[in-house]
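K.L.:
Below: one structure in structure tokens.
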Amino acid sequence: MDGAFDPTMYASLVQVEHNHFWFQARNELMTWLVRSHAADAKRVLEIGCGTGFVLNALRAACPSAIIGGSDIHIAGLCLARDRHGSAVEFIQGDARRPCLRDAFDLVCALDVLEHIKEDEAVLSGIRVALRPNGVLIASVPQHPWLWSQSDESGGHLRRYRRGEIEGKVRAAGLEVRFADSFVSLLLPAMTVSRLSGRIRPAGRRCSQRAKVPDDPVAREFRVGPALNRFMRAVLRIEHLCRQAGLRFPIGGSRIVVARKPPHPAP
């Protein structure tokens, strides 16, 4: 992924994912989307599977499917293998260089494309890898005005503008079937957090770094138990609204479900 993501962060991620409100809510959303749009999938691949946390949702939503996870970093794959053992097939691979054609009913790329310069080429490769009527589920960070140190330390190359990911998905030859924002009800709090990080005095940041080692994962995801429960409850309400048909035009992330046409475009 352009070398933008630091694989040493996986060890910290695996410690926080299970109990953190954001990862829990994203898995709940993923389970719902898969059951709604690809419940009959027999062959599933997650690109950029990292530590394998999202694979829990895919296994729950598609219990009879053959599920695979790929990542360019062996460090993440080792942790994912520890989580899932032989229940998931793992392969080290570069999303920019697809090697399979008409192989999958469902491909997921969650918070991956923002790490890759050639995101349009990756989407075109996913279309090739999907079977006719196959489904893509992709999520990306949204709104360039939210750019902060968290994006830089996370190895992001971009945050997507409104409608940008849908346009790139369509340009790759896929039909958008669902699009919505994620972490919308918490966007005001997220905005304050991101913008305050920009204006914090540089001297203070330097003195803090001198006292403790910099851990980008801990800095981004550290939250107390009470606040974690509150934010989880807010995202549950958001998801209930989504299930009832409400769509959010803005939010910390954008998630898209798209389908490969049954026949090649003329």
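K.L.:
Note down all Cβ pairs under 7 Å where the first residue falls in segment 58-69 and is on the phi < 0 side of the Ramachandran plot and of a type in the set (Gly, Ala, Ser), the second is buried (at least 20 other Cβ atoms within 10 Å of the Cβ) and assigned to a helix (DSSP H, G or I), and they're at least six residues apart or on different chains.
P.N.:
Ala61/Val34; Gly69/Leu55; Gly69/Ala80
K.L.:
Where in segment 1-63 are there helices (runs of 4 or more DSSP H), lying wholly inside it, with at least 2 residues that are more than 23 Å from Ala129 (Cα to Cα)?
P.N.:
Ranges flagged: 10-16, 21-37.
K.L.:
Return the pairs, sorted by first residue and then second, in which the second residue is surrounded by fewer than 16 Cβ atoms within 10 Å (Cβ to Cβ) and of a type in the set (Gly, Ala, Ser), the first residue lies in segment 76-96 and is farther than 18 Å from Val122 by Cβ, the beta carbons are less than 9 Å apart, and the residues are 6+ apart or on different chains.
P.N.:
Pairs that qualify, where the first residue is farther than 18 Å from Val122 by Cβ and the partner is surrounded by fewer than 16 Cβ atoms within 10 Å (Cβ to Cβ) and of a type in the set (Gly, Ala, Ser), are Leu79/Ala11.
K.L.:
While we're on this one: Can you tell me which of (1) in a helix (DSSP H, G or I); (2) at pLDDT 95 or above; (3) hydrophobic (A, V, I, L, M, F, W, C) is the one Ala189 doesn't meet?
P.N.:
(2)
K.L.:
Okay, next question. Return the total of residues in segment 93-135 being in a strand (DSSP E or B) and over 19 Å from Val54 (Cβ atoms). Outline the logic, then answer.
P.N.:
From segment 93-135, those in a strand (DSSP E or B) are 104-110, 130-135; that's our starting set.
Okay, now just the ones that are also over 19 Å from Val54 (Cβ atoms), so 131-133.
Counting residues in segment 93-135 that are in a strand (DSSP E or B) and over 19 Å from Val54 (Cβ atoms) gives 3.
K.L.:
Another question, if that's okay. So in segment 201-248, with the set limited to residues that are closer than 21 Å to Gly155 by Cβ and not in a helix (DSSP H, G or I), which one is modelled with the lowest pLDDT?
P.N.:
This residue is Pro213.
K.L.:
Can you tell me which residue in segment 226-237 is surrounded by the fewest Cβ atoms within 10 Å (Cβ to Cβ), limited to those that are closer than 13 Å to Val183 by Cα and in contact with a helix residue (DSSP H, G or I) (Cβ under 8 Å, 6 or more places away or on another chain)?
P.N.:
Per the stated criteria, the residue is Arg236.
K.L.:
Hey, can you tell me all the residues within segment 250-266 that are over 17 Å from Ile126 (Cβ atoms) and at pLDDT below 95? Outline the logic, then answer.
P.N.:
Going residue by residue through segment 250-266, those that are over 17 Å from Ile126 (Cβ atoms) are 250-253, 263, 266.
Selection gives His263, Pro266.
K.L.:
If Asp82 satisfies all but one of (1) in contact with a helix residue (DSSP H, G or I) (Cβ under 7 Å, 6 or more places away or on another chain); (2) surrounded by fewer than 20 Cβ atoms within 10 Å (Cβ to Cβ), what's the number of the condition it fails?
P.N.:
Single failed check for Asp82: (1).
K.L.:
Does any residue in segment 220-244 that is without any contact (Cβ under 8 Å) to a residue 40 or more places away in the chain come within less than 7 Å, Cβ to Cβ, of a residue that is surrounded by 11 or more Cβ atoms within 10 Å (Cβ to Cβ) six or more places away or on a different chain, and which pairs are these?
P.N.:
none
The values are calculated or read from the model by the stated rules, or taken from the named source; none is laboratory data. Here the structure is a predicted model, which means the values were calculated and not measured. Cβ coordinates were reconstructed from backbone atoms using ideal geometry, including for glycine residues, and neighbour counts include every protein chain displayed.
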